[in-house]
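For reference, the structure is listed below as structure tokens.
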Amino acid sequence: MRWHYYFIRFVSYLKTFHMKLLASLVGGLAGAVTITVLHEIIRKIDPSAPRMDLVGKAVTEKLMQRTGKPAMGKKQLYAGSLAGSIMANTLYYSLAGLGHKPLSVGSMLGLTAGAGAITLPAKLGLNGVHSSGSMKRKWMTMALYFTGGLVAAAVTRRIEKRRNKHIVSPYNPPEQAYKPILDIIV
């Protein structure tokens, strides 16, 4: 029996899967941080920008009420909603790296998240005006989440390309790169 052969293949598969998962999570984190930073910059510049921070605060308040926890202060509420948003967006955008075409998957994830951010708050009993008040606000919301999906996919793809890159000798053509440069027979 060649059990060691199958064991080595299994370990190699696990290593590949874990590296792909790690690349996907790093890409998802990059997309989530991109959304958060862009949102914070835009909302300070433009008064008609989407206010997803207010939606996040409302969700955090509802969760605290339903779990029976005491109410938090303004700064704690903001920090909690920001942390929850980054964690949820990281996990969501990490799905972009698990497919074979991360850019197309990332763009679809971004568009889906943008559409959800526009339509879901009103259906969940939250103030939907923060993300879908005007047409400009709707387009800005879609653009934010679409950008997050593209960034997540691009970072994941870049990490995977770096991981698969082989070191090639500059002196030999690629088909002979793993042969010795000088053959010295003693």
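Derivation of every value follows stated rules applied to the coordinates shown; laboratory data play no part. Because the structure is predicted, anything quoted here is derived from the model rather than measured. Every residue, glycine as well, gets a Cβ built from its backbone with ideal geometry; the counts of neighbours run over all protein chains shown.
Annotations
- Segment Leu120-Ala83, length gained on full extension (0.36 nm per residue, minus Cα span): 11.3 nm
- Computed magnitude of the charge dipole of the stretch 15-128 (debye, nearest 20; Cβ of K, R +1, Cβ of D, E -1): 240 debye
- The stretch 23-161: Rg to Rh, with Rh as the Kirkwood radius over Cα pairs: 1.00
- For the residue pairs Lys15/Lys101; Lys20/Lys138; Lys57/Lys101; Lys44/Lys161, alpha carbon separations beyond 27 Å are given by Lys20/Lys138; Lys57/Lys101; Lys44/Lys161.
- 3J(HN,Hα) couplings calculated from phi for the stretch 87-98 with the Karplus curve 6.51 cos²θ - 1.76 cosθ + 1.60 (θ = phi - 60°) are, in sequence order, 5, 5, 5, 4, 5, 5, 6, 5, 5, 4, x, 8 Hz; Gly and Pro show x.
- Mean separation of Cα contacts under 8 Å, 6 or more apart, over the residue count of the stretch 64-169: relative contact order %: 29 percent
- Going from the residue with the fewest nearby Cβ atoms within 10 Å to the one with the most, Met87, Met64, Met140 rank Met87, Met64, Met140.
- Were the residues from Lys74 through Lys62 laid out at 0.36 nm apart, the gain over their Cα-Cα distance would be 2.9 nm.
- Which of Thr156, Thr67, Thr141 has the fewest Cβ neighbours within 10 Å, and the rest in rising order: Thr67, Thr141, Thr156
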